[in-house]
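The values are calculated or read from the model by the stated rules, or taken from the named source; none is laboratory data. Computed from a predicted structure; not experimentally measured. Cβ: placed from backbone, ideal geometry, glycine included. Neighbour counts: every protein chain shown.
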Amino acid sequence: MKEIRIKTPATSANVGPGYDIFAMALADPCDEVHLILDGSDEIKIEVENDCQDIPTKVEDNVAGLAALELLKRHQLKQGMTIKIIKHMKSGGGMGTTGASAAAVVYGLNKLLDLNLSENEMIDISRMGEVASGGSPHADNVAASIMGGFVLVKSYDPIDVLKLDIPEFPVVLAAIKKSQRTTRGFITYEIGQEKLKEQMARCSRIIHAVHTKDIEEFGSAFSVDYIAEPVRGAAIPEYEEVKKHVIAAGGYGCQISGGGSSVIALCSPENIDLIAAIMEKGFADNPNFVKVYKTTTSNLGVREA
């Protein structure tokens, strides 16, 4: 019997205008996966600290689906138990599903001596995302595996670039989705002017990472014409909280990933104030979980 314990970070995808191509890892919170190989041909899934009805049927679980994809691609038969230890809410735009999928692929790569490249692990891991959002997007799993700020250079074939990101202070209001996914409601018909602005803001974000300019980063990621109109409408308090965060000196505020969590960037001196604004603003939302005060991080998946 071989086993490994793995820790994977929360991630915030899209990062404003970078729909399905940008993501960044956060220092906190993190989930853990305990992966145990055995002599059976069966994949078993267990979930600890689960009050979220996470499915344990292999085909319906992101980690199980990622494991099946890896075994299929490498024509392997391998029994295992996947124990997912939850420390963050699932279904809230914090990359928890990507974290589980990435952890299992990382762990199997280690235990089975497959010598997969990071891009190969990302490509397999993203197939697990189909179980949660219906789409094999690569941004969250890429940030989970590589850490830092990632941009998907190509989807065919998968090619992801990691940029080291400064430790920008982050306030994350964790809010569970009221519905499974809003992806199907997003329209891509945003018009020529908004399309140009969206592309320009993507360029600004990459420049801000290179220049370590948190104010430029925050300003660039605060506007998104693709996902924000749909996902923001599903968070009744969102526009008001965003307005107060910016008025209080926050550098930027945006929906995290697929929502409904909300993320803000600020100075270290302002982090308590921004956290208080977000906590008060979302307190009446029945899906509100908690506010995290954390930072961006260059650490991805790793042994616990």
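Here are some notes:
- Boolean, A63 is assigned to a helix (DSSP H, G or I) and either in contact with a Gly (Cβ under 7 Å, 6 or more places away or on another chain) or surrounded by fewer than 23 Cβ atoms within 10 Å (Cβ to Cβ) (or both): yes
- Residues that are in a helix (DSSP H, G or I) and exposed (fewer than 13 other Cβ atoms within 10 Å of the Cβ) within region 66-91 comprise just one, K72.
- The single residue among V58, V33 that is of a type in the set (A, V, I, L, M, F, W, C) and touching a residue at least 24 places away in the same chain (Cβ under 8 Å) turns out to be V33.
- Scanning region 5-53 for residues that are crowded, with 19+ Cβ neighbours inside 10 Å and over 17 Å from the mean Cα position of the chain (by Cα) returns L35, I43, I45, V47.
Residue by residue, here is whether (1) closer than 19 Å to F282 by Cβ; (2) without any contact (Cβ under 8 Å) to a residue 60 or more places away in the chain holds:
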| site | (1), (2) |
| --- | --- |
| A174 | yes, no |
| F185 | no, yes |
| C202 | no, no |
| D213 | no, yes |
| I235 | yes, no |
| A247 | yes, yes |
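- Count - residues of region 235-281 that are within 17 Å of G93 (Cα to Cα), modelled with pLDDT of 95 or more and of a type in the set (V, I, T): 3
- The lone criterion from (1) farther than 18 Å from Q254 by Cα; (2) among the aliphatic types (A, V, I, L, M); (3) part of a helix (DSSP H, G or I) left unmet by I205 is number (1).
- Residue check, L116 free of Cβ contacts under 8 Å to residues at least 40 places away in the same chain, under 16 Å from S144 (Cβ atoms), assigned by TED's automatic domain parsing to the domain that holds A27 and assigned to a loop (DSSP other than H, G, I, E, B): yes
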